[in-house]
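Below is one structure, written out as structure tokens, with a few remarks after it.
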Amino acid sequence: MYRSAPISLWDATSEETEIESVAVPDQTVDVAIVGGGFTGLSAALHCAGKGLLAHVLEAKHIGYGGSGRNVGLVNAALWLPPAKVREKLGPEFGERFLRRFSEGPSVVFDLIETHQIRCEVTKTGTIHAAHGPSGSEDLKDRHAEWRRLGEPVDLLGPEHVAEMIGTTVYHGGLLDHRAGTINPMGYCRGLARAATGAGAKISTGVRVEKLERESGTWHVLTDAGDFRADAVVLGTNAYTDGLWPDLRNVFTMIHYLQFATEPLGSSAGHILPGRQGVWDTGPIMFSVRRDANDRLLVGTMGRVIGSKNKGLTRRWAKKRIARMFPELGRVSFDEAWHGQIAMTPDHLPRIHQLAPRLWTAIGYNGRGITTGTLFGSAIADLLTGMDPTHLPLPVTNPSQAPRAAITSRLYDLAFTANQLWKGLR
């Protein structure tokens, strides 16, 4: 299949290579999986491990969507604090969700170790940094809740967080020892390699155009041929199209961008010396991390306007780096990209049964690595007889996010204005 320019730094630098595509099957399979990202590949790996014949269909290439454009923070749980999760899901599902997602990073790290996935993995935690006094108060509350649950998190004062990150702009932080960082495209390709090794099949460059239920099985119509499947999994998340009616309207789509500098060598040695990833408490989230080759990556909500060489977003990135790390002087950029995030109204993900033997997990709210991995495994369990009440959250019917398209455009305008304002300061 023809490949255009890399979609992200992770695409350009992944040690894991792309798997070889196979033809659309000429027989009935146990499960057809639409989407070659974290969810679809985790589902394929775990279905194959349970003896099911699984076939993944990816319209572009492995990791093309949000998976290959991810920040690469392997975080536990969600943006929501634990108390909000319990409030929204109730005591039974709330506690189960928090426990399962607290274990999420270790599930990812175990898969990486088991399958020897080359993805620049670190296990030194992530830092949730306070952008201001209100952020500090929020982190104190989160710390108290996580400690009550027995989770390994540390509250950092301004001096400690400055030492760990290498900048004095933050008012404190929360260090989560459960978490870490990866090259997300490397992880995605490694999952694909592991899935095919377990017996799953993967076709790339194949778009599924229609799904029809006929005589108790699914007729899967693609632009490369048709076949039948006993079950179907939609693992498209924020890149969901019109394949299933109205499914793309259950979330609000927002963009998240990243700029990666050229390798900075020893001049960046004081920045995140422990290689933790950072995300902050700001209403328009910001992230920063350092990759295995000493590139500094900064990111925020919004699209790349311009390119790595010129334009509004490059000016924003240069200003942000100069404010945080003035000692670096002028920097050049190797890559710039953005991806899509599916935000739900309550900031919780969803598992939907759309029709008999047709499942989707969707609405990851920027937590794709752990959520996709866990939900892919959970759907494999559902397909082999697990009671849905044992899931980490209830199976629900799709409901439209209010004014999703309009809200997405308003967010886009706000994020662009944020880049403009901070690029001028």
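Descriptive notes on the structure:
- Scanning the range 63-93 for residues that are of a type in the set (A, V, I, L, M, F, W, C) and more than 14 Å from the chain's Cα centre (by Cα) gives L80, A83, V85, L89, F93.
- Single match in L156, L175 (criterion: in contact with an Asp or Glu (Cβ under 7 Å, 6 or more places away or on another chain), modelled with pLDDT of 95 or more and within 30 Å of F325 (Cα to Cα)): L175
- Residue match in the range 361-379 (condition: of a type outside the set (G, A, S), within 30 Å of L89 (Cα to Cα), part of a helix (DSSP H, G or I) and more than 18 Å from the chain's Cα centre (by Cα)): no
- Once the range 300-332 is narrowed to residues that are outside any helix (DSSP H, G or I) and in contact with a Gly (Cβ under 8 Å, 6 or more places away or on another chain), the residue that is nearest to I271 (Cα to Cα) is F325.
- Condition check for L41: surrounded by fewer than 24 Cβ atoms within 10 Å (Cβ to Cβ), in contact with a helix residue (DSSP H, G or I) (Cβ under 8 Å, 6 or more places away or on another chain) and under 28 Å from M386 (Cα atoms): no
- Filter pass, E335 being farther than 19 Å from G104 by Cα, within 24 Å of the chain's Cα centre (by Cα) and acidic (D, E): yes
- Qualifying residue in the range 52-59 (condition: closer than 30 Å to G150 by Cα and assigned to a strand (DSSP E or B)): no
- Subset of the range 23-34 (residues that are of a type in the set (A, V, I, L, M, F, W, C), surrounded by 14 or more Cβ atoms within 10 Å (Cβ to Cβ) and either in a loop (DSSP other than H, G, I, E, B) or modelled with pLDDT under 95 (or both)): V24
- Single residue of the range 224-275 satisfying the filter (β-branched (V, I, T) and in a strand (DSSP E or B)) that is nearest to the chain's Cα centre (by Cα): I254
- Of all residues in the range 321-339, those that are surrounded by 18 or more Cβ atoms within 10 Å (Cβ to Cβ), closer than 25 Å to D412 by Cβ and not aliphatic (A, V, I, L, M) total 5.
- Scanning the range 115-126 turns up no residue that is within 20 Å of the chain's Cα centre (by Cα), hydrophobic (A, V, I, L, M, F, W, C) and within 17 Å of R367 (Cβ to Cβ).
- Some residue of the range 396-405 being touching a Ser or Thr at 6+ places or on another chain (Cβ under 6 Å) and either surrounded by fewer than 18 Cβ atoms within 10 Å (Cβ to Cβ) or touching a residue at least 24 places away in the same chain (Cβ under 8 Å) (or both): yes
- Count - residues of the range 384-398 that are out of contact with any Lys or Arg (no Cβ under 8 Å at 6 or more places or on another chain) and either in a helix (DSSP H, G or I) or polar (S, T, N, Q) (or both): 4
- Taking every residue in the range 1-26 that is more than 23 Å from H338 (Cα to Cα) and pairing it with any residue that is modelled with pLDDT under 95, at least 6 positions away or on another chain, the pairs with Cβ-Cβ distances below 7 Å are S21/M1.
- Sub-9 Å Cβ pairs linking a first residue in the range 247-269 that is over 9 Å from D294 (Cα atoms) to a second residue that is in a strand (DSSP E or B) and among the hydroxyl-bearing types (S, T, Y), at least 6 apart or interchain, are L247/T360; Y256/S287; Y256/T300; L257/T300; Q258/S287; Q258/T300, ordered by first then second residue.
The values are calculated or read from the model by the stated rules, or taken from the named source; none is laboratory data. None of the values given here were measured: they were computed from a predicted structure. Positions of Cβ are backbone-derived with ideal geometry, glycine not excepted, and every protein chain shown enters the neighbour counts.
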